[in-house]
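Only one structure is covered here, and it is reproduced in the block below.
Each reported figure results from applying straightforward, stated rules to the coordinates on display, with no laboratory input. It should be emphasised that the depicted structure is a prediction, and the values quoted were computed from it without experimental measurement. Neighbour counts run over all protein chains shown; Cβ positions are idealised from the backbone, glycine included.
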């Protein structure tokens, strides 16, 4: 009888642990580059919320790099699909540019993100084709010699929509 009660308690404890883990994983991630509510200092670059054509606010982005280190992106190898692994590999290579780009899935509203970099500092980028397309667009444009401001103008005008994600379903060549 005592053994049965101990087994029952362990099963219940295990079940509660699994449920708690699932709930914690489902909670939204906090943005790594979210601006602090304090007044802006020299260490916190301005976030731009300018209005593009159509009067829809441009999602959050930073106009310049911070003085503090940028957050790391997640390890690409923790993901199972090659497309997502490639998106995170590229994001790690162009963190400085992604920090200066808006994300048109509007995760600044839903997740509190401060820039496109936040999508890849957490799991959000692995589940969002908009984030991945903007990531690959930024990568391609940087290899074409475009500046962060020029890339941002292209993202704001919707040029990222021309990215064919199928180009990235095979492993990328090493650096």
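Taking the average, over residues, of other Cβ atoms within 10 Å as the packing measure, peptides 104-113, 117-126 rank 117-126, 104-113 from highest down. Note on region 53-95: Cα Rg divided by 2.2 N^0.38 Å, N the number of residues, gives 1.58. A viscosity of 1.567 mPa s and a temperature of 4 °C, combined with the Kirkwood radius over C-alpha pairs in the Stokes-Einstein formula, give region 111-165 a diffusion coefficient of 113 µm²/s. Here the residues 70, 116, 165, ranked from fewest to most Cβ neighbours within 10 Å of their Cβ, fall in the order 165, 70, 116.
Taking one equal scatterer on every alpha-carbon of region 70-175, how large is log10 of I(q)/I(0) by Debye at q = 0.16 1/Å? Values returned for q = 0.16 Å⁻¹ are -0.60.
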